[in-house]
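The values are calculated or read from the model by the stated rules, or taken from the named source; none is laboratory data. Keep in mind that this is a model prediction, so the values were computed, not measured. Note that we place each Cβ from the backbone using ideal geometry, even for glycine, and neighbour counts take in every protein chain shown. Only protein heavy atoms, including side chains, enter the accessible area calculation; ligands, DNA and RNA are left aside. Shrake-Rupley method; radii C 1.70, N 1.55, O 1.52, S 1.80 Å.
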Amino acid sequence: MTITEITVKIACVTCLFLHSVISVQTQRNAIKNKMMERITCLPSYEQNSRFPAILVMKLGKDLLYSSTHIYACRAFFKTFIGKEQMSKMKIHTLGLGPMGTNCYILESKNDCLIIDPGGDSVKLIEWIKQKELRPQAILLTHAHFDHIGAVDDARDIYHIPVYLQEEEADWLGDPGKNGSKMFPVKQITARDADENLKPGNMKLGHFEFEVRHTPGHSPGSVSLVFHKEKYVIVGDALFQRGIGRTDLYRGDLPTLMQSITDQLLTLPDYYEVYPGHGPETTIGEEQAKNPFLI
């Protein structure tokens, strides 16, 4: 055994100690099955990681008997392979607009996508200028007012298209449908979107992702799944320990629960979840701890 292997094994044992939970045999078997699914994906790290895939697989097997295998595994990859090597794409979060909505800016090779620019266009544009990024498109998870406030300013400055699911095509210009008429804020509108966000795989420049239709909070809500980066941007469908409200125009609770069950909880437990409001979480954490899903 090399010094590298010994060092990494010690680090993994430390990680497991910090997250240790004694599991019964049934938990152990379930964990083993899930981890073996993860291991089948590990060879893709062989060309870019600091360790050969065979070592990663050996270490993966050492993690099989922790009931917190997902978090231990993520800690291992972040520490020893590094998140930048897992993905060259960066995700930035800006709280924008009257509700402090999470606007996500995805960066790759100085290009970027703007997701849900909820307002404060001056702040958004100045931030992009400081980072010297080149916006390629605006993607909207849905058309509620707190997600669209800076759409027109950004599209006009950067001359980029706006993508929105077709069921909310007429919401951008209608304060009654986008909700701004119902709240003590000025009525917020934007021009129609340029493109339809269709369910399925998409590629925009350097960015590859899957669009999943996740209605319920609103009829045209979508989630954007970045499989290579292992995360999903969910809009207001799912939050840390919560779910989206369904008392707004055309909201529907059973539809939302079905969307979460079929489109989000079917993702691997270790996928990170970036919601429209509040902190990030993971699929596994919400399956285990979200009171609306237990």
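Summary of computed values
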item	result
Any chance Lys123 is at pLDDT below 95 and not aliphatic (A, V, I, L, M)	no
Count of segment 162-205 residues which are assigned to a helix (DSSP H, G or I), of a type outside the set (A, V, I, L, M, F, W, C) and either in contact (Cβ under 8 Å) with a residue 12 or more places away in the chain or closer than 30 Å to Lys109 by Cα (or both)	8
Filter result for Asn178 (touching a Phe, Trp or Tyr at 6+ places or on another chain (Cβ under 8 Å) and surrounded by 22 or more Cβ atoms within 10 Å (Cβ to Cβ))	yes
Test: residue in segment 131-138 that is acidic (Asp, Glu) and either at pLDDT below 95 or under 19 Å from Asn178 (Cβ atoms) (or both)	no
Scope segment 98-118; condition among the small types (Gly, Ala, Ser) and in contact (Cβ under 8 Å) with a residue 40 or more places away in the chain; matching residues	Gly100, Ser108
Checklist (1) open to solvent by less than 30 Å² (accessible area, probe 1.4 Å); (2) on the phi < 0 side of the Ramachandran plot; (3) touching a residue at least 60 places away in the same chain (Cβ under 8 Å) applied to Gln136, failing item	(1)
Flag if Gly278 is of a type in the set (Gly, Ala, Ser) and surrounded by fewer than 17 Cβ atoms within 10 Å (Cβ to Cβ)	yes
Residue check, Thr246 touching a Leu at 6+ places or on another chain (Cβ under 7 Å) and open to solvent by 30 Å² or more (accessible area, probe 1.4 Å)	yes
Checklist (1) modelled with pLDDT under 95; (2) touching a Phe, Trp or Tyr at 6+ places or on another chain (Cβ under 6 Å); (3) of a type outside the set (Gly, Ala, Ser); (4) open to solvent by less than 10 Å² (accessible area, probe 1.4 Å) applied to Ile115, failing item	(1)
Selection from segment 183-211 of residues that are among the small types (Gly, Ala, Ser) and farther than 21 Å from Val232 by Cα	Ala190, Ala193
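Rundown of residues vs (1) surrounded by fewer than 20 Cβ atoms within 10 Å (Cβ to Cβ); (2) under 26 Å from Pro291 (Cα atoms); (3) of a type in the set (Gly, Ala, Ser), yes/no style:
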| position | (1), (2), (3) |
| --- | --- |
| Ala190 | no, no, yes |
| Val225 | no, yes, no |
| Glu229 | no, no, no |
| Gly242 | yes, yes, yes |
